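Read through the structure below, which is laid out as structure tokens, and then see the notes.
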Amino acid sequence: MTSPVRALPGALRRTLQTELREPGARTALLVGTVALLVAGSGLRPLTRRWPAAVVGSLLSSTATETPRATAVLVGAAAGVAVRRGAAGNPAGRVGLGAAAAAVAVLLALDRGARADAETLADALSAELGPVDLSARGRVLGSVLARRRYASARDVAYGPDPVANLLDVWRDPELPRDARAPVLLQIHGGAWSSGSKAADAHPLMAHLVARGWVCVSVDYRLGPAERWPAQIVDVKRALAWTRAHIAEHGGDPDRIAITGGSSGAHLAALAALTPGAWQPGFADADTSVAAAVCLYGIYDLTSDDGSGTLDELLAETMMPTVLDEDAHPYVAASPAARVHPDAPPFMVLHGTGDAIVVPAQSRAFVARLRAVSRAPVVHAELARAQHGFDLVPTARTLATVRAVTAFLEAVMGTGAGTVVGDATAPATAPATRRRRGR
């Protein structure tokens with residue numbers, strides 16, 4: 001294969017080869033090219049085609065979720081090129097200019113991510129009225145939060161000895177009779193991978209520090225286990241939580257559910273279908289008081305941006321092919337399950353999501369708002385990537401605070417809330433309904 005340089009006319013090729021031999025030129029051009037590629041992927045995903053979108057999402061995340069750190073790395077690499085003499089020749093200066101442009105883009109992405117705090121506050125106030133977002137959390141502490149807070153690990157909640165396990169997170173100082181509000185967390189992973197030990201640590205750590213009890217759930221995964229095994233397990237986990245969470249200081253009458261990606265799909269579906277998909281435990285109360293769903297898929301018959309969602313579902317978990325039998329896909333779609341008595345929902349999505357288009361969330365929110373009597377908070381975060389909340393960043397902190405404000409507004413903070421060494425009084429859930437109702 002002919003290289004781009006060899007394909008150039010002779011005189012131009014010789015000139016370019018001479019320039020590239022100048023001190024620091026190759027280093028500067030390499031730094032500038034890679035930096036522009038990374039920064040550009042933050043402005044627009046390189047691809048939405050599955051599975052290449054996963055790699056593209058990881059690349060984009062370095063620009064959208066850690067832009068300051070990425071800018072520092074680019075600056076350091078450019079500094080190496082300068083020390084090698086790149087500023088003294090045209091090719092080197094081109095590379096340094098590209099690196100500078102990339103840094104400018106990264107800093108703009110950082111400003112956009114930090115502005116999401118205002119976006120979230122506006123979305124909350126539009127649905128619930130004034131909401132206090134002043135409570136700050138130490139998100140960096142979430143890195144070791146599972147070790148500190150997961151007081152009960154690998155607790156069996158169903159018949160599968162490997163998949164039907166959960167962890168209970170609680171503050172060691174929370175009284176056993178606190179009757180604290182509870183959050184059930186469902187991990188993502190395209191219904192075929194993932195673990196309770198990996199997702200939503202910043203959110204759960206923040207809530208536990210404020211006196212909540214959190215439950216993180218594993219469930220049967222595809223392709224070995226086909227639908228509806230996944231939602232049956234989520235319902236089993238809800239039934240276990242209602243029956244046993246009081247033993248851990250939680251309130252069985254105040255359970256919220258959350259999840260990201262495929263976990264958001266399962267959380268939304270569980271929130272909308274209490275009593276369904278409960279073989280052998282049909283009488284168990286699996287209703288929830290609220291649902292928080294991040295970058296999820298809510299219509300399994302629609303496009304997620306890849307153009308191959310139906311193929312992915314048939315490969316990973318669905319018992320049929322969409323074109324041959326669409327019934328399971330419709331039945332499993334939260335968008336097809338909305339009803340007037342749906343619990344309060346908070347739906348978040350990044351506008352730069354390379355794996356699931358934000359149109360999935362927009363359409364789901366529109367259907368909820370057309371039918372549900374409860375608040376539906378919706379926000380799109382500037383160029384945020386799929387899984388943006390998995391790492392402790394400024395955007396994650398803003399999201400954690402907003403989710404906490406939403407949950408405490410619609411559910412109340414509960415008796416015996418632990419905030420540092422103090423105990424805060426209980427507050428009643430918000431009763432405000434959406435404007436225009």
Test: residue in segment 138-147 that is touching a helix residue (DSSP H, G or I) at 6+ places or on another chain (Cβ under 6 Å) and at pLDDT 90 or above: no
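Here is a yes/no grid of residues against (1) of a type in the set (F, W, Y); (2) in contact with a strand residue (DSSP E or B) (Cβ under 8 Å, 6 or more places away or on another chain); (3) buried (at least 24 other Cβ atoms within 10 Å of the Cβ):
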site	(1), (2), (3)
R153	no, yes, no
A156	no, yes, no
V162	no, no, no
V168	no, yes, no
R176	no, no, no
S192	no, no, no
A197	no, yes, no
V208	no, yes, yes
Number of positions in segment 86-106 that are more than 34 Å from the chain's Cα centre (by Cα) and in a helix (DSSP H, G or I): 11
Residue match in segment 192-213 (condition: touching a helix residue (DSSP H, G or I) at 6+ places or on another chain (Cβ under 6 Å), assigned by TED's automatic domain parsing to the domain that holds P328 and not in a helix (DSSP H, G or I)): yes
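Looking at the structure I just gave you, is L294 in contact with a Pro (Cβ under 9 Å, 6 or more places away or on another chain), under 22 Å from A52 (Cα atoms), in the same structural domain as A409 (by TED's automatic domain parsing) and surrounded by 23 or more Cβ atoms within 10 Å (Cβ to Cβ)?
Details: in contact with a Pro (Cβ under 9 Å, 6 or more places away or on another chain): no; under 22 Å from A52 (Cα atoms): yes; in the same structural domain as A409 (by TED's automatic domain parsing): yes; surrounded by 23 or more Cβ atoms within 10 Å (Cβ to Cβ): yes.
Answer is no for this residue.
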Residue check, D299 at pLDDT 95 or above and over 24 Å from the mean Cα position of the chain (by Cα): no
Hits in segment 214-226 - residues which are more than 17 Å from T399 (Cβ to Cβ) and not in a loop (DSSP other than H, G, I, E, B): V215, S216, V217
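Residue by residue, here is whether (1) under 16 Å from the mean Cα position of the chain (by Cα); (2) of a type in the set (G, A, S) holds:
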| residue | (1), (2) |
| --- | --- |
| R48 | no, no |
| S60 | yes, yes |
| T64 | yes, no |
| V72 | no, no |
| A76 | no, yes |
| V82 | no, no |
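Yes or no, residue by residue, for (1) in contact (Cβ under 8 Å) with a residue 40 or more places away in the chain; (2) among the basic types (K, R):
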residue	(1), (2)
A332	yes, no
V338	yes, no
M346	yes, no
T351	no, no
A354	yes, no
V357	yes, no
R362	no, yes
R367	no, yes
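The values are calculated or read from the model by the stated rules, or taken from the named source; none is laboratory data. Nothing here was measured: the structure is a model prediction, and the numbers come from that model. No Cβ is skipped: glycine too gets one built from the backbone with ideal geometry, and neighbour counts run over all protein chains shown.
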